[in-house]
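Trainee: Quick one: this structure, given as structure tokens, is what I'll be asking you about.
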Amino acid sequence: MINYDKLIFEISEAGRKSYSLPALDVEEKQVDKLIDSKFLREDELDFPEVSENQIIRHYTNLSMKNYSVDQGFYPLGSCTMKYNPKINELTSRLDGFANIHPLQDESTVQGALRLMYELDKDLCEITGMNKMSLNQAAGAHGEYTGILTIKAYHEARNDNKRNIIIVPDSAHGTNPATAAMAGCEIREVKSDENGLVDLDSLRKAVGEDTCALMLTNPNTVGLFDRNIKEITAIVHEAGGLCYYDGANANAILGHAKPGDMGFDVIHLNLHKTFSTPHGGGGPGSGPIGVKEFLAEFLPKPTVEKDGDTYRLDFDREHSLGRIKDFQGHFLTLVRAYTYILSLGSNGLRDVADMAVLNANYIQKMLEDDYNRVAKGVCMHECLFAGLKDDNDGEIRTLDVAKRLMDKGFHPPTVYFPLIVQEALMIEPTESETKETLDEFIKAMKEIAEEARENPEVLKNAPLSTPVRRPDETLAARKPVLKYQG
Ligand SMILES: *Cc1c(COP(=O)(O)O)cnc(C)c1O
């Protein structure tokens, strides 16, 4: 059997080519006459020499070792790995979007500027904010910019003692990391027994040193905090501002707006909620939105409209300045805009309805085999605290996740949020059929049965992947990125 796993260097044959170029019909210049010899390498470049067909098979086989939403169910909690409609790719590849240059004269890119202007307006409408900045490269970058905006506000009022960012103990890791990056200190508030913000702890945590509260709602436990207006009021009374981590916006589209909940600054993850393929590092986009009183601090440029003309605006007086080169990840904005327009406001509302329904279906169907965390309905993701019958503690959440790979599924998020033991966090998104959800439920139930009857197979899973159980800490801290043949 042919081994398609060989490296492209291993199948190289000297002199083999995958190109044919016309004969040179200009005078050949010697490179050593053009470039000083001390800058030239002495030995030949070690490039693989293969045929076109070998290259195609090499990359095709590599791509099939990956796992993607286009291939199968990807229920990674908190990441919103929804299907990315192909019309987004079509529009983002249109010549007038894909092949423009950021330094082109504004008169020649009016369509691109209009798209940004209208996306700003649409995202404001969706979130209940007054002004967006579209420049940030990802959610975490939006958080950082948002907290800098809040700091700039306090500083402009000479309110210089405010250095504490309050985060709940269920927060996504980027929230405390953002606070630290922005030079603030972190004060954690405990969650109550339902995983929601404990109001008494919050009252004790706020004061004259409160810069901001960072919160996501629905939270990382998958629950909507009904006390949200009281929570934001407590922070405002203490003189702090409220920051909304919008990574879970998929659950509330068309139903609730963070602006109405009392938040002053938000970010959205366009690559999650508004469908750009993500994972593996990008591209992302993390617009932030603010209430009117903070708009003067936003990064520049923003896009403004004078009469019928759109322009980049650099005049914002108290602006943080540039936070990203040019206008950020523009083609991700094109995808998000396409997604919003193709669904319309009713369609966006349907997204949230279906995402929540799907999560509740899974929560209900798995409750006999896994420890359900939410007492009542959940939002767009459901959370379990490991197996009900874990064979006397022998079978852990990690084993369940590894075994799912053998059954053809990407594992859910595991061991997050940190406040839940053996956490298993499933976010099906709106874009799956009931048949797929049923297949997944069946696989999860088979695993629960294996945990009781045949725990060894779970301990050794996955049995079907090229790499089985790497030491994950070592793999993250000391990655081996180079072939060691
Ligand atoms: C994904 C996520 C983030 C960070 O967003 P990135 O785009 O990955 O930087 C922040 N908070 C929550 C709750 C998230 O799920």
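Trainee: How big is the gap, in Å, between the Cα center of segment 67-104 and the Cα center of segment 109-126?
Mentor: Their Cα centres are 18 Å away from one another.
Trainee: For segment 14-79, compute Rg over Rh where Rg is the Cα radius of gyration and Rh is the Kirkwood radius from the inverse mean 1/r over Cα pairs. All intermediate terms of the calculation are to be shown ahead of the outcome.
Mentor: Values: Rg = 21.0 Å, Rh = 17.0 Å.
With Rh from the inverse mean 1/r over Cα pairs, Rg/Rh is 1.23.
Trainee: Would you mind pulling out the separation of the Cα centroids of segment 410-431 and segment 252-312, in Å?
Mentor: 26
Trainee: Give me the net charge of Gly111's neighbourhood, meaning all other residues with Cβ under 12 Å from the Cβ of Gly111; Lys, Arg count +1, Asp, Glu -1.
Mentor: Local charge sum for Gly111: -2.
Trainee: Kirkwood hydrodynamic radius, segment 125-280, all distinct C-alpha pairs: what's the number in Å? Before the final figure, lay out each step's value.
Mentor: Values: mean 1/r = 0.0643 Å⁻¹.
Result for segment 125-280 stands at 15.5 Å.
Trainee: Kindly provide the Kirkwood hydrodynamic radius of segment 49-158 in Å, to one decimal, from all pairs of distinct alpha carbon atoms. All intermediate terms of the calculation are to be shown ahead of the outcome.
Mentor: Details: mean 1/r = 0.0534 Å⁻¹.
After inverting the pairwise mean of 1/r, the radius is 18.7 Å.
Trainee: Take the alpha-carbon centre of segment 376-402, take the same for segment 16-46, and report the distance between them in whole Å.
Mentor: Using only Cα atoms, the two centres lie 59 Å from each other.
Trainee: Can you give the log10 of the normalised intensity I(q)/I(0) at q = 0.08, 0.11, 0.19 Å⁻¹, computed with Debye over equal Cα scatterers of segment 302-459?
Mentor: For the requested q values the scattering log ratios are -0.39, -0.61, -1.13.
Trainee: Right, next: Below 8 Å between Cα atoms, with a sequence gap of 6+, how large is the relative contact order for segment 172-263 in percent? Intermediate results must be reported in sequence, preceding the final value.
Mentor: Working: 98 pairs, mean separation 23.5, N = 92.
Once divided by the residue count of segment 172-263, the mean separation gives 25 percent.
Trainee: Same structure again: State which entries of Lys272/Lys407; Lys86/Lys402; Lys86/Lys272; Lys229/Lys272; Lys388/Lys445 exceed 19 angstrom in Cα-Cα distance in the structure shown. Provide the component values of the computation, followed by the final result.
Mentor: On the way: Lys272/Lys407 25 Å; Lys86/Lys402 30 Å; Lys86/Lys272 15 Å; Lys229/Lys272 26 Å; Lys388/Lys445 11 Å.
Going by Cα-Cα distance, Lys272/Lys407; Lys86/Lys402; Lys229/Lys272 fall outside the 19 Å limit.
Trainee: Please work out the FRET efficiency for the pair Lys161 and Ala23, using the Cβ-Cβ distance as r and a Förster radius of 51 Å; give the result to the nearest 0.05. Working shown, then result.
Mentor: Numbers: r = 75 Å, r/R0 = 1.47.
My answer for the efficiency is 0.10.
Trainee: Here's a follow-up. Please report, in whole Å, how far the alpha carbons of segment 132-204 spread along each principal axis, starting with the longest.
Mentor: For segment 132-204, the Cα extents along the three principal axes come out at 38, 30, 21 Å.
Trainee: Using alpha carbons only, what's the Rg to Rh ratio of segment 182-260 with Rh from Kirkwood? It would help to have the intermediate numbers written out before the result.
Mentor: Working: Rg = 12.5 Å, Rh = 13.2 Å.
Here the Rg-to-Rh quotient is 0.95.
Trainee: Evaluate the Debye formula for the chain with equal point scatterers sitting on the alpha carbons, no solvent, and hand back log10 of I(q)/I(0) at q = 0.09 Å⁻¹, in q order, two decimals.
Mentor: So the normalised log intensities work out to -0.74.
Trainee: Rank-order 72-84, 134-146, 97-109 by packing density, defined as the average count of other C-beta atoms within 10 Å over each peptide's residues, highest first. Working shown, then result.
Mentor: Working: 72-84: 20.9, 134-146: 25.8, 97-109: 11.5.
Top of the packing list down: 134-146, 72-84, 97-109.
Trainee: Kyte-Doolittle mean at least 0.5 and Cα extent at least 24 Å along the axis: which DSSP H helices of the chain qualify? List each step's numbers first, then the result.
Mentor: Working: long enough: 110-127 (25 Å, -0.13); 139-156 (25 Å, -0.24); 330-366 (41 Å, 0.55); 434-453 (28 Å, -0.93).
Those that clear 24 Å and a mean of 0.5 are 330-366.
Trainee: Still on this model: Out of all DSSP beta bridges in the chain, what portion is antiparallel? Express it as a percent rounded to 5.
Mentor: On the way: 21 of 36 bridges.
Roughly 60 percent of the beta bridges in the chain run antiparallel, per DSSP.
Trainee: Another one. Just from its helices, what would the mean residue ellipticity at 222 nm be for the chain, if runs of 4 or more DSSP H residues each count -39500 (n - 2.57) and the sum is divided by every residue, rounded to the nearest 500 deg cm²/dmol?
Mentor: Numbers: 16 runs with 177 residues, N = 485.
Calculated from helices alone, the mean residue ellipticity at 222 nm is -11000 deg cm²/dmol.
Trainee: So, one more: Express the relative contact order of segment 361-468 as a whole percentage, based on alpha carbon pairs under 8 Å and six or more residues apart in sequence.
Mentor: Numbers: 155 pairs, mean separation 32.9, N = 108.
That works out to 30 percent.
Laboratory data are not the source of any read-out in this text; all were calculated from the coordinates shown. No experiment lies behind these values; they were computed from the predicted model shown. Heads up, the Cβs are rebuilt from the backbone with ideal geometry, glycines too, and the neighbour counts pull from every protein chain shown.
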